[in-house]
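What follows is a short report on a single structure.
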Amino acid sequence: MNSGCIMKWSWMNFRLLFAVLCCSLSAAFASELSSSNSESADIVATRLGRGVNVLGYDKYWQQSGGGRFRLDHFAKIRKVGFATVRVNLFTFRHFGQDGRLNEEWLRKLDAVIVSATASGLNVILDVHDFSECGKAPDACSALLKIIWGQLSSRYVDYGGNVLFELLNEPNNALTVEKWNELIPDLLKIIRRNDPGRYVLISAANWGKVESLDSLKLPVEDRRIIVTFHYYSPYGFTHQGAPWAAAPVSTNIGLRFGSEADVAQVQSDFARAAQWSRVNNRPLFLGEFGAYDKAPRADRLFYLRTVARTAERFGISWAVWQFSGDFVVYDHTRDDWVGDVVDALIPK
Ligand code: BGC
């Protein structure tokens, strides 16, 4: 081998070595990045812990006042053991002719976020205009884009304990196709203002467990937590609820608690957890509960069963809801409904 040949050989080897090194370094870096990103989404989802839906139907939001929810309730919510509040926001009705969310309403929202986070709670801002979106998806899409632009720019400096939820229970005319198309558009708008914010996203068809398979998400966005709701068996959880279609609204006295009932909950959550594993996305159970007309002992057993099952699968949750109906808190006594809280948060 002459010296020219040796030089050529070592140059080639050097290049090969360099290429292999670069390749493995960038692969290691990429996998580190993606694993740390998905790990952070997992960690954030775990940190949500046990939560409660608040303020959706309270008069707190009205300019005239008269709400029953007070900002000092957040400290009580934290103290009893909840880690998260999912704040249900009817944004469309506070969107003005000037193309902006009403400033007074936004200031009330600022106060909610500041008080809740100061009490040590995570806050999910859940856009809850699902009825309008299910009826008029195109108008809804246009509005959601503007509203998320405004919310994401307003809250850009807030901590990581403030999360966004694109839309509660996309349904009906906001079809799987339309919703899956809208998700990346909304994310792009949010990411332009706030690339690091964690965003919760539900599947179309009311965000049920069985809807998860239809959900399409931008693969590169790892700051997403997928959310679903669980009200199954619907006939039990919504018995007597005036907004449920007959015969559910009239068929009162349905029981929950057989072995088969519990096994069904477990198998539904196993299905959700399997989806989460396969798709590498953490889950959050954003709503579950049973309407107040369900037999009380069964309602408590249902809450206990769903909450413990979710926890067994490592899924954080928020119960429906603080007050109004499905109540966890009794405003007339200004105190917790003791047995409901005990079912949710065992001592
Ligand atoms: C709706 C409530 C309803 C609850 C249970 C929520 O998403 O906003 O109006 O009571 O689901 O049906």
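Laid out as a table, the results:
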{"read-out": "Top-ranked residue in the stretch 81-108 [being assigned to a loop (DSSP other than H, G, I, E, B) and under 23 Å from Trp320 (Cβ atoms); ranked as nearest to the ligand (Cβ to nearest atom)]", "value": "Phe90"}
{"read-out": "Filter result (within 24 Å of Val226 (Cβ to Cβ) and touching a residue at least 40 places away in the same chain (Cβ under 8 Å)) within the stretch 316-344", "value": "Ser316, Trp317, Ala318, Val319, Trp320, Gln321, Phe322, Leu344"}
{"read-out": "Unmet requirement for Gly207, which otherwise passes all of (1) touching a Cys at 6+ places or on another chain (Cβ under 8 Å); (2) within 16 Å of the ligand (Cβ to nearest atom)", "value": "(1)"}
{"read-out": "Residue match in the stretch 146-166 (condition: among the polar types (S, T, N, Q), within 16 Å of the ligand (Cβ to nearest atom) and at pLDDT 95 or above)", "value": "no"}
{"read-out": "From Thr227, Thr250, residue being over 20 Å from the mean Cα position of the chain (by Cα) and hydroxyl-bearing (Ser, Thr, Tyr)", "value": "Thr250"}
{"read-out": "Those residues of the stretch 327-347 which are of a type in the set (Phe, Trp, Tyr) and out of contact with any Ser or Thr (no Cβ under 9 Å at 6 or more places or on another chain), in sequence order", "value": "Trp336"}
{"read-out": "Filter result (away from the ligand (no atom under 16 Å from the Cβ), basic (Lys, Arg) and outside any loop (DSSP other than H, G, I, E, B)) within the stretch 290-336", "value": "Arg296, Arg304, Arg308, Arg312"}
{"read-out": "Near pairs, Cβ below 8 angstrom, 6+ apart or cross-chain, from the stretch 174-189 (over 10 Å from Trp148 (Cα atoms)) to any residue that is charged (D, E, K, R) and at pLDDT 95 or above", "value": "Asn180/Lys216; Ile183/Lys216; Asp185/Lys145"}
{"read-out": "Where a residue in the stretch 56-75 is at positive phi and its partner, wherever it lies, is within 16 Å of the ligand (Cβ to nearest atom) and not acidic (Asp, Glu), with Cβ under 6 Å and at least six apart", "value": "Gly66/Lys59"}
{"read-out": "Residue ID - nearest to Arg333 (Cα to Cα), chosen from residues in the stretch 40-80 that are part of a helix (DSSP H, G or I) and of a type in the set (S, T, N, Q)", "value": "Thr46"}
{"read-out": "Selected residue (only one of Trp105, Trp61 is at pLDDT 95 or above, in contact with a Lys or Arg (Cβ under 7 Å, 6 or more places away or on another chain) and over 30 Å from Thr309 (Cβ atoms))", "value": "Trp61"}
{"read-out": "Residues of the stretch 241-289 that turn out to be within 16 Å of the ligand (Cβ to nearest atom), of a type in the set (S, T, N, Q) and touching a residue at least 12 places away in the same chain (Cβ under 8 Å), as a count", "value": "1"}
{"read-out": "Matching residues, the stretch 273-301, being buried (at least 22 other Cβ atoms within 10 Å of the Cβ) and within 21 Å of the chain's Cα centre (by Cα)", "value": "Pro282, Leu283, Phe284, Leu285, Gly286, Glu287, Phe288, Gly289, Ala290, Tyr291"}
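The values are calculated or read from the model by the stated rules, or taken from the named source; none is laboratory data. This structure is a prediction, so every number in the text was calculated from the model and none was measured. Counting neighbours? That spans all protein chains shown, and the Cβs are built from the backbone with ideal geometry, glycine included.
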